[in-house]
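I have placed the structure first, in the form of structure tokens, so that the comments after it can refer back to it.
The values are calculated or read from the model by the stated rules, or taken from the named source; none is laboratory data. Treat the numbers as computed from the prediction; the structure is a model and nothing was measured. Heads up, the Cβs are rebuilt from the backbone with ideal geometry, glycines too, and the neighbour counts pull from every protein chain shown.
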Amino acid sequence: MEMEIWKSVLLGVTALGLIFWMGPGIKATLQRSKEAPKDWLGALVPIGCVVLFVIFLIKMV
């Protein structure tokens with residue numbers, strides 16, 4: 001089923017409006033994330049645990 005032309009235009013206008021509405025918040029969030037301390041160990045440890053658990057589950061089968 002193809003969308004009618006007016007629905008496509010409405011969807012595009014809505015998407016652009018949403019981008020412009022959320023733009024300042026996204027920009028501020030990106031700026032704060034650049035200033036935040038880099039804590040990669042806090043992210044890598046849980047990911048590593050999940051990978052090891054998946055490998056364990058695969059070996060158990």
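What about Phe53, is it among the aromatic types (Phe, Trp, Tyr), surrounded by 10 or more Cβ atoms within 10 Å (Cβ to Cβ) and either touching a His at 6+ places or on another chain (Cβ under 9 Å) or on the phi < 0 side of the Ramachandran plot (or both)?
On the way: among the aromatic types (Phe, Trp, Tyr): yes; surrounded by 10 or more Cβ atoms within 10 Å (Cβ to Cβ): yes; either touching a His at 6+ places or on another chain (Cβ under 9 Å) or on the phi < 0 side of the Ramachandran plot (or both): yes.
Yes: the conditions hold for Phe53.
Condition test on Leu57, is it at pLDDT below 90 and outside any loop (DSSP other than H, G, I, E, B)?
Spelling it out, it is not the case that Leu57 is at pLDDT below 90 and outside any loop (DSSP other than H, G, I, E, B).
Residues in region 32-40 include none that are surrounded by 10 or more Cβ atoms within 10 Å (Cβ to Cβ) and on the phi < 0 side of the Ramachandran plot.
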